[in-house]
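Engineer: I have a structure here, written as structure tokens, and I will follow up with some questions on it.
The values are calculated or read from the model by the stated rules, or taken from the named source; none is laboratory data. Fair warning: this is a prediction, and the values are worked out from it, not measured in the lab. Here Cβ is always computed from backbone atoms with ideal geometry, including for glycine, and neighbour counts include all displayed protein chains.
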Amino acid sequence: MTDTPALSHANIRPGRIITWTLLFIGGLIMISPLLFMFSTSLKTADQVYDLRLIPAAPTLANYISVLADGRFMRWFLNSMFVAVTVTISNCFFDSLVGYTLAKFEFRGRYFIFIAILSTLMIPTEMLVIPWYLMSSQLGWLDSYWGIMFPGMMTAFGTFLMKQFFETVPNDFIEAARVDGLNEFQIWWKVAMPLVTPALSALAIFTFLGNWTAFFWPLIVTTSKELYTLPVGLSSFAVEQSIQWEMIMTGAAIATLPTLIVFLVLQRYIVRGVMLAGLKG
């Protein structure tokens, strides 16, 4: 009983209080625009400029109106299709290339790895023109494939998976070969289960990146039926120029999938960031 006050005072330090206070204030500042967005989406046109966080008379009429617009749901499904497809492609191809670079000895392996990493230093804006010319020559403009092909495989994903495959003991690989498994089976049944945290982090980052992508889908698409959600929301905002409650409702619906992914898989996101830093 006498040790409890001493332990309490030892744990409550001025530095810790200041740190948590600053973190709380910073988190509140970061989340306040999100809260006001959801708050505005529940307001009527007459209440938009009322700065109270909780609306006086919250309503779901804005959500009903937006969801009833067939274009919005089409944009939502377009973004979902693009994000899921590119995520699956990244997890498959990046892990295959990463495994090959980590576990196979062949001439030029180091040069290939450096060449892949060097693409990370090229700004995306410099790649837009080659991507557009390639899409034009191959007939991919204004198509799903045109939207997806630049991100079907990434240098970051290859680097991340290679670093983690290097931690897989070679004894496991040799034992699988002795048991008669081919290289694809070894990659799928032996190596992949051992790098699940890295694969999960890659899937999350890829999905979120493609869900929020705006610049390239805006350039490569011309028909509104192929707009992804960010591009569609920009045109929706122009149409609803002064109807902020409708604009905020569309933005809130677009934000929900990313919030769900983060809340459900946040431990994988944090672990992926930490492990990527350690392995880098």
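Engineer: Filter region 71-104 for residues that are modelled with pLDDT of 90 or more and of a type in the set (D, E, K, R) and give the result.
Structural biologist: R74, D94, K103 - these are the residues of region 71-104 that are modelled with pLDDT of 90 or more and of a type in the set (D, E, K, R).
Engineer: For region 212-230, give me each residue that is within 16 Å of L77 (Cβ to Cβ), loosely packed, with under 15 Cβ neighbours inside 10 Å and out of contact with any Asp or Glu (no Cβ under 9 Å at 6 or more places or on another chain).
Structural biologist: K224, E225
Engineer: Only one of (1) in contact (Cβ under 8 Å) with a residue 40 or more places away in the chain; (2) aliphatic (A, V, I, L, M); (3) outside the structural domain of V190 (by TED's automatic domain parsing) is not met by V84, so which one is it?
Structural biologist: The number of the failed condition is (3).
Engineer: Follow-up. Please verify whether F184 is part of a helix (DSSP H, G or I), surrounded by fewer than 17 Cβ atoms within 10 Å (Cβ to Cβ) and either of a type in the set (A, V, I, L, M) or out of contact with any Asp or Glu (no Cβ under 9 Å at 6 or more places or on another chain) (or both), treating the condition exactly as stated.
Structural biologist: yes
Engineer: Within region 107-134, can you find the residues that are of a type in the set (D, E, K, R) and more than 16 Å from K162 (Cα to Cα)?
Structural biologist: R107, E125
Engineer: Name every residue in region 217-250 that is in contact with a helix residue (DSSP H, G or I) (Cβ under 6 Å, 6 or more places away or on another chain) and among the small types (G, A, S), in order of residue number.
Structural biologist: Selection gives G232, A237, G250.
Engineer: Applying the selection to region 122-148, what residues are β-branched (V, I, T) and assigned to a helix (DSSP H, G or I)?
Structural biologist: So in region 122-148, the residues β-branched (V, I, T) come out as 122, 124, 128-129, 147.
Scanning region 122-148 gives T124, V128, I129, I147.
Engineer: Something else now. Return yes or no: is T167 within 22 Å of N90 (Cα to Cα), in the same structural domain as S135 (by TED's automatic domain parsing), among the hydroxyl-bearing types (S, T, Y) and not in a helix (DSSP H, G or I)?
Structural biologist: The answer is yes for T167.
One line per residue, one yes/no per condition, for (1) over 22 Å from V238 (Cβ atoms); (2) exposed (fewer than 11 other Cβ atoms within 10 Å of the Cβ); (3) in the same structural domain as M248 (by TED's automatic domain parsing):
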residue	(1), (2), (3)
L34	yes, no, no
M37	no, no, no
K43	no, no, no
I54	yes, yes, no
S65	no, no, yes
G70	no, yes, yes
M73	no, no, yes
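For (1) surrounded by fewer than 16 Cβ atoms within 10 Å (Cβ to Cβ); (2) aromatic (F, W, Y); (3) over 20 Å from the mean Cα position of the chain (by Cα), each residue gets a yes or a no:
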site: V82; (1), (2), (3): no, no, no
site: F93; (1), (2), (3): no, yes, no
site: Y99; (1), (2), (3): no, yes, yes
site: K103; (1), (2), (3): no, no, yes
site: F113; (1), (2), (3): no, yes, yes
site: L120; (1), (2), (3): yes, no, no
site: G139; (1), (2), (3): yes, no, yes
site: T167; (1), (2), (3): yes, no, yes
site: L194; (1), (2), (3): yes, no, yes
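Engineer: Scan F76, F81 and give me the residue that is assigned to a helix (DSSP H, G or I) and in contact with a Leu (Cβ under 6 Å, 6 or more places away or on another chain).
Structural biologist: Just one listed residue meets the conditions, F76.
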